[in-house]
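Since the structure comes first, as structure tokens, the remarks are kept for the end.
The values are calculated or read from the model by the stated rules, or taken from the named source; none is laboratory data. This is a predicted model, so every value here is computed, not measured. All Cβ positions, even for glycine, are placed from backbone atoms using ideal geometry, and neighbour counts span all protein chains on display. When the accessible area is computed, the model is the full protein with side chains, heavy atoms only, and any ligands, DNA or RNA have been set aside. Shrake-Rupley method; radii C 1.70, N 1.55, O 1.52, S 1.80 Å.
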Amino acid sequence: MRLRWTLALAFLALAVLQVAVVVPLALQNLSQLLQQQHASRIERAMAAVDAELGRSSDEVRRAMDELAQSAGLEDVARDFAQVPPPAHVTTAASQLMTPRGLDVLALLDEHGRTLSSGHLPARLGEPNDPLAAAIGLTGRPVVPLRVQYLSGAGLIDGPALVTARAVDYGEHSVWAVGGILLGDARARTLSKLTGAEVTFRSGDEVVGHAGEPVSGGSVRELHLRELHEGVSSPRTPKPAKVGGRLASADVEPTLAVIELRFSDAEIAATRTEVLRGFLTLASVGLLLSVALGFLVSRRVTRPVEALTEATSRIGQGAPGVTVSVEGASGELRALVDGFNRMTLDLKAATDQLLASERIAAWQEVARRLAHEIKNPLTPIRMSLETLLAASRRGPPDERFQTLFKESAAAMLEEVDRLKRIVDEFSQFARLPRPTLVPLELAEAVQPVMALYAPHDGLEYLTQLAPGVRVSGDRDQLAQVLVNLVKNAEEAMTGRTGTISVRVLGTPTEAILEVEDEGPGIPEALRSRVFEPYVTTKQQGTGLGLAIASRIAQEHDGRLELGNVEAEAGAPAKGACFRLVLPRMSDR
């Protein structure tokens, strides 16, 4: 991966790491804050419920205080002892209750017998009215009591906030016990006040409900404690606590439960909205981090990439490459300046070295070429000297004619050898640049091998894999194949056997192999077999393999001397030359 993308990904990874660390912490803190706010809202709501119940208790107290001072109640106290009691006594509770906003009202004598009932008009003369439990409580408190009242569902037992007031008339006393019911109306008031779903329960029965249904959420309960049985006696008064949590003594059983269910939907919606905002900001931040990282990495890595490209070009044989210092600063600029100085010094040294190597190489070639030319000149000189000596002995005779024919034939053979040496050297020195075209290696090899027929005990075996494509010069590749087959034939002079020609392919390479069953290459010459004028044959010039190796290099390939596998227990024999070229894609 390029350094530019590595740095850009590093910026992105850093941004992702920050988001991965910050967002969960922020969401956790947000959740805690929302929970605290929700709990605070619930506490405020519960305080409002306490205040509302206290206000309702105050309304009951004021209404009953005003009732106790009313003329209507005084008339009841004056006339209730008559037998039968006047009609205004039995109907007084209904007439006194409604104007004062009371839901329940019972007028009782000092023995707790019902004189008149506003919420249950049919209850007259009954002893032990449940509202009698409020008679005689010290301090005239507002207390929760279970009462019976009529509703659309029939007769219901439900909680009510009641208080008692007495009116004395002579020797007789009349008690007025009244208050408000804790039913649907009060539930609607509390639900509107708190925003919660409010349910009044008396035992297992729901006696009041209001508000939108809430699934799950937070639940708070207020318990209304029932008065102890002994409290109803005027002789054993026991104050009850009204307002606050509306509970009397802890030993008293629960009369009713006010359940408030607060929805958590607002918290979830806020958390979702904030999370969406966080994710949006995080996405924008990540995109900005990628863009900024790419810009910064591009600015930082541009000199480094230029150095990498220059290094690659130097490795490919261009030592004089320099890098522009534009965009580089600080240590990078110093690095680029040092690299440029180094490449200039390298180019100067390389040029000097190449010149020296070129001189040395041509000196070696000249020495070898002189040696190769000198060898044929010696027999030519000797043949001419022999002819000159024979001509000085007298007129040409039969012996001279025979000697002349033999010497002329030898000189012609040596002249042909000289010509062959010069031609091959000229070919080696002036080898043209290849014309590269896409071709299938098997199709290039097949026409050449069609020219070779079995002879003198030699057979030719071809194994040509199809579909192995290369980019090459057909004529020069054919020349390589001819040179390799010619070497194989010369190596098997006087022998019988097989010369194998194979075309193979790997995912990245195309391979042409020529294998013979000759004596093989001596170990001492294996490392120098592709050098000019290195040969194992008496009549060879040592340029055939050198020319083939140079053609392979011009095709970005290589010519190798491989190993011939021998049968188990038998010594290795023969030679295998392998031309390896880059393989083209099949697409």
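Of note:
- Potential lengthening between V482 and E171 on full extension [0.36 nm per residue; Cα-Cα distance subtracted]: 96.9 nm
- Report note on the peptides 102-113, 206-217: ranked by the mean count of other C-beta atoms within 10 Å, highest first, their order is 102-113, 206-217.
- Here the gap between R528 and L346, fully extended at 0.36 nm per residue and compared with their Cα-Cα distance, gives a gain of 62.7 nm.
- Pairs of alpha carbons in segment 38-89 whose separation is greater than 16 Å (percent): 62 percent
- Remark: accessible surface ordering of D75, D586 (largest first) is D586, D75, probe radius 1.4 Å.
- Per-peptide packing, taken as the mean over residues of other Cβ atoms within 10 Å, places 401-414, 493-506, 464-477 in the sequence 464-477, 493-506, 401-414 from highest down.
- If the Kirkwood radius is taken over C-alpha pairs of segment 92-148, then at 37 °C and 0.692 mPa s the Stokes-Einstein diffusion coefficient equals 280 µm²/s.
- Protection proxy ranking, peptides 159-172, 24-37, average beta carbon neighbours within 10 Å, highest first: 159-172, 24-37
- Here the simple spin-label model places points 7 Å from the Cα toward Cβ, and for S31 and R100 these points are separated by 5.5 nm.
- Diffusion constant of segment 139-185 at 25 °C, which comes from Stokes-Einstein with the Kirkwood Cα-pair radius and 0.890 mPa s, µm²/s: 200 µm²/s
- For segment 122-211, the per residue solvent-accessible surface stands at 43 Å², with DNA, RNA and ligands left out and a 1.4 Å probe.
- Backbone phi angles across segment 95-103, fed through the Karplus curve with coefficients 6.51, -1.76 and 1.60 (θ = phi - 60°), yield HN-Hα couplings of 6, 7, 6, 4, x, 9, x, 8, 8 Hz in residue order; Gly and Pro are listed as x.
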